[in-house]
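A short worksheet on the structure shown next.
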Amino acid sequence: MSRKIETECVSCQLPCLGKSCPYYEVEVAYCDDCGEEAKYEIEGDDYCQDCAEKYLEECFNNLSIKDKADCLDISLSDI
């Protein structure tokens, strides 16, 4: 997990509330593969959209045909 506490001031032009402002300290996650801002957590690791998609495709491609059909709720039988 690559997470950092950062200030995300939105320059609201109001008097600064300091630590009571919800944007003063915000936890930001970064992709464990490429370092971009992460959007997803998969099995304890943080991923951006591209890396999450790549990871899930690799997992899916490693499944058997039967397991793939089960994941997609598709009826599959041998002939």
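Structure notes:
- Proximal charge balance of CYS59 [Cβ under 12 Å; K/R count +1, D/E count -1]: -3
- Each of TYR47, ALA69, SER20 was placed along the dipole of the chain (beta-carbon charges, centred on the mean Cα), and the one lying farthest toward the positive end is SER20.
- Proximal charge balance of LEU76 [Cβ under 14 Å; K/R count +1, D/E count -1]: -2
- Dipole in debye (nearest 20) - the chain, about Cα centre, beta carbon charges: Lys, Arg +1; Asp, Glu -1: 340
- The string of couplings for the stretch 69-79 from the Karplus curve (6.51, -1.76, 1.60, θ = phi - 60°) is 4, 4, 4, 8, 6, 10, 6, 9, 8, 6, 10 Hz, one whole number per residue in order, with x for Gly and Pro.
- Semi-axes of the equivalent ellipsoid for the chain, Cα gyration tensor, largest first, Å: 42, 13, 9
Rule-based calculations on the coordinates, nothing more; no lab input. Since this is a predicted model, take the numbers as computed values, not measurements. Methodologically, a virtual Cβ is constructed for each residue, glycine included, from the backbone with ideal geometry; neighbour enumeration extends over all protein chains shown.
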